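What follows draws every value from the coordinates through simple rules; no lab data is involved. Small disclaimer: the values here were computed from a predicted structure and weren't measured. Neighbour counts are summed over all protein chains in view; Cβ atoms, including those assigned to glycine, are modelled from backbone coordinates with ideal geometry.
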């Protein structure tokens, strides 16, 4: 789709995707709701929620979890307006499947997808200069020991001594895959410092993103 869809086009697209989901995977899903407005994050500018899985129960202690899938048309339009590569039909399908996964995980008491969403939000808070949990990157996808991926950004964890009398290093040599490179360090005033590596990372396929060395000041023998 080379242009932004109208609401009616978006509605037909979403209903078609939802109707193609096998019936057994729509068990305890009471429907698909499409909202005109965008759903903005209350603290992060330009961070939009595309969809939600809204739960309710039948009112009985042992009743199954019932969910409604909600898509926000305005959020799709807002993201597509600023990103020409945003494929609305593809993202509608991905969002519906994402919210269905929330339904099944929440019903089973599993938090894997909820944790992934929280980690992505923390990374966005970091990008925007807002307060964030400085351990969030540890809950990203493990690429190799000490390296995690959060939404295409890579984080390499390293540690330095913070014991009295220890000379703070001016640079660290870190490894990513088969490559080793030196990263200059700023003054380490905090226990955890995110040092961005100029140029980021890129693999042979052309995929890439930002690259950070997360320097943790080690006060004892543990991490």
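When the helices of the chain are scored as -39500 (n - 2.57) per DSSP H run of n ≥ 4 and the total is divided over every residue, the value at 222 nm lands at -9000 deg cm²/dmol. Pairwise Cα distances in region 4-79 exceed 14 Å for 66 percent of all pairs. Taking the number of Cβ atoms within 10 Å of each Cβ as an exposure proxy, the fewest-first ranking of 72, 47, 137 is 47, 72, 137.
The C-alpha atoms of the chain define a longest principal axis, and helix 88-108 lies at about 90 degrees to it.
Would you mind telling me which residue in 15, 96, 69 has the biggest mean-square fluctuation in a Gaussian network model of the chain, where springs connect alpha carbons within a distance under 10 angstrom? Highest fluctuation among the options: 15.
For region 94-223, the extents of the C-alpha atoms along the principal axes are 54, 35, 27 Å, listed from largest to smallest. Only alpha carbons enter this Debye calculation for region 146-206, each as an equal point scatterer, and the log10 of I(q)/I(0) it gives at q = 0.16, 0.24 Å⁻¹ is -0.60, -1.21.
Applying D = kT/(6 pi eta Rh) to the chain, where Rh is the Kirkwood radius over alpha-carbon pairs, T corresponds to 25 °C and eta to 0.890 mPa s, the Stokes-Einstein value obtained is 120 µm²/s.
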